[in-house]
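Notes follow once the structure below has been shown.
The values are calculated or read from the model by the stated rules, or taken from the named source; none is laboratory data. It should be emphasised that the depicted structure is a prediction, and the values quoted were computed from it without experimental measurement. Please note: Cβ atoms are built from the backbone with ideal geometry, for glycine as well, and neighbour counts cover all protein chains shown.
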Amino acid sequence: MAYIPAPGYQPAYNPTLPYNKPIPGGLSIGMSVYIQGVASEHMKRFAVNFTVGQGPEADIAFHFNPRFDGWDKVVFNTKQDGKWGSEEKKRSMPFRKGAAFELVVMVLAEHYKVVVNGNPFYEYGHRLPLQMVTHLQVDGDLELQSINFIGGQPPPSQTPMAIPAYPGPGHSCHAPPSNLPMMGPHVLFPQPVPFIRRLTGGLTARRTVIVKGFVPPRGQSFAINFRVESSGDLALHINVRMNEGAVVRNSYLNGSWGSEERSLSHNPFGPGQFFDLSIRCGNDRFKVYANGQHLFDYSHRLSAFPRVDVLEIQGDVTLSYVQI
């Protein structure tokens, strides 16, 4: 079963090093690059470069270089006409040897904004026009799990809207603040949980929802719900339970829970782990992928699935990106 990415979402899973590939469509303001990986137990340094061309002598618009050398720091620089400019350094190390991480580089009008594990880390002013950048290079003492290019300005009709929380069966929650950062259908970090957004236009066939997040080391469970606001029905309830090592699927219809589905070929969720979940609505079922690999199918139990108009995420999870 082929993985079909959502529009505007360009993922690469488990890429080999050195990574040196074109940036789909090139860089533009509002674009973000998400890099998930694991720092080597014996890490000394690695580099992420936004380059002008692909060759070894290519200029580098943005050079991000963490160094474990006794004076742990991250170095930033630009190489222009074959010569390095003046270094910018931050004597702080946001990466831990042997630990998973998520590095996000947001392309803004005045600078690149670097966020590590959901925390703003540095802003690096543009020295070369970002339109010159063609490739992304990654190499060094790390293991790559995924690289995601996210960007493009969608039609205004796809922009999500905050809605009041709907108290579901057995729980209540609060509406999220209305001043959360947005980028078209891309909802950026940091995100409070419970996370609630309207699915404008309803859950139509071939619509894909992307959820990128992190399970805290002591996390017990979290849930993703596709809800009908008017009735409280849940067309799909995904309940990740770390203490059981289970991913439970169910529906809540007409005031009652149905039968659980639990079978999986693998479980991609674990404490201290990042995940990249793609939930695609088909004509007769949901097709769910984790980190680019098929995870499960779930046949529609609510025949009028286009009535589903709310996405809700709650529990022990940190969200870094949601696309609806």
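Selection within the range 303-316: residues that are modelled with pLDDT under 95 and of a type in the set (A, V, I, L, M, F, W, C). The member of this set that is farthest from Leu277 (Cα to Cα) is Ala304. Only residues that are touching a His at 6+ places or on another chain (Cβ under 7 Å) and at pLDDT 95 or above were counted across the range 111-155, and they come to 6.
For the range 104-118, state whether one or more residues are in contact with a strand residue (DSSP E or B) (Cβ under 9 Å, 6 or more places away or on another chain), free of Cβ contacts under 8 Å to residues at least 12 places away in the same chain, under 17 Å from Ser320 (Cα atoms) and not β-branched (Val, Ile, Thr). Within the range 104-118, one or more residues are in contact with a strand residue (DSSP E or B) (Cβ under 9 Å, 6 or more places away or on another chain), free of Cβ contacts under 8 Å to residues at least 12 places away in the same chain, under 17 Å from Ser320 (Cα atoms) and not β-branched (Val, Ile, Thr). Within the range 86-95, is even one residue under 24 Å from Ala12 (Cβ atoms) and not polar (S, T, N, Q)? Scanning the range 86-95 turns up at least one residue that is under 24 Å from Ala12 (Cβ atoms) and not polar (S, T, N, Q). One residue stands out among those in the range 267-299 that are surrounded by fewer than 17 Cβ atoms within 10 Å (Cβ to Cβ) and charged (D, E, K, R): the one that is farthest from Arg249 (Cα to Cα), which is Asp284. Evaluated against (1) among the β-branched types (Val, Ile, Thr); (2) within 25 Å of Asn14 (Cα to Cα); (3) free of Cβ contacts under 8 Å to residues at least 60 places away in the same chain, Val248 falls short on exactly one condition, (2).
Yes or no: the range 17-29 includes at least one residue that is among the β-branched types (Val, Ile, Thr) and within 24 Å of Tyr321 (Cβ to Cβ). Talk me through it step by step, then tell me what you get.
Residues of the range 17-29 that are among the β-branched types (Val, Ile, Thr), as a first pass: 23, 29.
Still in the list and also within 24 Å of Tyr321 (Cβ to Cβ): 23, 29.
Yes.
For the range 17-56, the set of residues classified as part of a loop (DSSP other than H, G, I, E, B) and either buried (at least 21 other Cβ atoms within 10 Å of the Cβ) or hydroxyl-bearing (Ser, Thr, Tyr) (or both) consists of Leu27, Ser28, Met31, Ser40, listed by residue number. Does any residue of the range 300-307 turn out to be in contact with a Cys (Cβ under 8 Å, 6 or more places away or on another chain) and either under 28 Å from Gly118 (Cβ atoms) or buried (at least 18 other Cβ atoms within 10 Å of the Cβ) (or both)? The answer is yes; a qualifying residue exists.
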